[in-house]
Amino acid sequence: MSQDKPVKKESFLVNILFNIVIPTFILSKLSGDDRLGVTWALIIALSFPIIYGLRDLQRSGKFNVFSILGIFSITLTGGMTLLKLPPEYIIIKEATIPALFAIATLVSLKTPYPLVKTFIYNDKILQVDKVDHALNEYGTKQEFDKALVNATYLMTLSFVLSSFLNYVLAKYLLVSEPGTEAFNAELGQMNAWSIPVIAIPATIVMMFALFYLFRRIKALTHLELEDILITQ
């Protein structure tokens, strides 16, 4: 009997190389007229995260809204730069995408499919059936639903923080005219600073939401985390 092979997780190093290190190096060091030139440096640099995103979709075989949105965002940045639109367009775009996630997260509370269950409370992380059974057994389902709402607010906060930091970073760095070597270098700097300035603070808030939910699950189900976490 054939079994589906588990999708091999990409290494963190490869992720950083394709999305941060290589694009930053090309934009910062190879945009001069005596090297790749402004246009080709931009196209080649942005092709790395796009190729990585498409490869990730192909490997997983699943629709991933984050990968799709990431590819769209990078393509939009490249298009705006090639069209030499004012930097303000890219600055607004950088802030808009996480802001849309914040709005979608809140709106999803009014639907049967709240995004908190996609991000945190799902069968990729937890044994959801086991948790639901324990909640029903102890009559704490209503209290848990309130915890999910609180976790949703914390998730929304992480997206709002990301939107704000995206705007501040882009506003601070993107000051030159698009289509110039200086602007390419600024895009490279923005890409390089995205992890310490944006990703890490937003991840900290998201992790706080995760730990909060885990603590509430433990209290409401009387189960230990090692009994409900997916370890394989």
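The values are calculated or read from the model by the stated rules, or taken from the named source; none is laboratory data. All of these numbers come straight from a predicted model, not from anything done at the bench. Virtual Cβ from ideal backbone geometry, glycine too; neighbours counted across all protein chains shown. Calculation scope for accessible area: heavy atoms of the full protein, side chains included, ligands and nucleic acids excluded. Shrake-Rupley method; radii C 1.70, N 1.55, O 1.52, S 1.80 Å.
In whole angstrom, how long is each semi-axis of the equivalent ellipsoid of the stretch 118-229, when you take the square root of 5 times every eigenvalue of its Cα gyration tensor and sort them from largest down?
Details: eigenvalues 345, 31, 18 Å².
Over the Cα atoms of the stretch 118-229, the semi-axes work out to 42, 12, 9 Å.
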Self-check item: Residue-normalised accessible area of the stretch 57-155, given per residue in Å² at a 1.4 Å probe
Solution: 58
Quiz prompt | Under 20 Å from the L69 label point (7 Å along Cα→beta-carbon), backbone N, the stretch 114-131 | solution = 114-125
Practice problem: Would you mind calculating the gained length between K146 and A199 on full extension (0.36 nm times residue separation, minus the Cα-Cα distance), in nm to one decimal? | Solution: 16.3 nm
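Rounded, prolate or oblate: pick one for the stretch 64-106, where a ≥ b ≥ c are the square roots of the eigenvalues of its C-alpha gyration tensor, a/c under 1.5 means rounded, and failing that, prolate if a/b is larger than b/c, else oblate.
oblate
Return the loop-located GluC sites (Glu not before Pro) in the stretch 143-232 (DSSP other than H, G, I, E, B) with at most 11 other Cβ atoms within 10 Å of their own Cβ; answer none if there are none. Don't skip to the end; give the middle numbers.
On the way: sites: E143, E181, E186, E224, E226; in loops: E224.
Within the stretch 143-232, the qualifying GluC sites (Glu not before Pro) (loop, at most 11 other Cβ atoms within 10 Å) are E224.
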Quiz item: Which Rg and Dmax, in Å, describe the Cα atoms of the chain?
Solution: 20.8, 71
Quiz item: What's the carbon and sulfur percent of the chain's accessible surface, probe 1.4 angstrom, rounded to a whole number?
Solution: 65
Self-check item: K93/F211 FRET efficiency (R0 35 Å; Cβ-Cβ; nearest 0.05)
Solution: 0.65
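Once you've got the Cα coordinates, tell me which of K146/K171; K117/K171; K110/K141 are over 28 Å apart.
Values: K146/K171 38 Å; K117/K171 34 Å; K110/K141 18 Å.
From the list (K146/K171; K117/K171; K110/K141), the Cα-Cα distance tops 28 Å for K146/K171; K117/K171.
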Quiz prompt | Translational diffusion of the stretch 62-133, µm² s⁻¹ [Kirkwood Rh, Cα pairs; Stokes-Einstein; 20 °C; 1.002 mPa s] | solution = 146
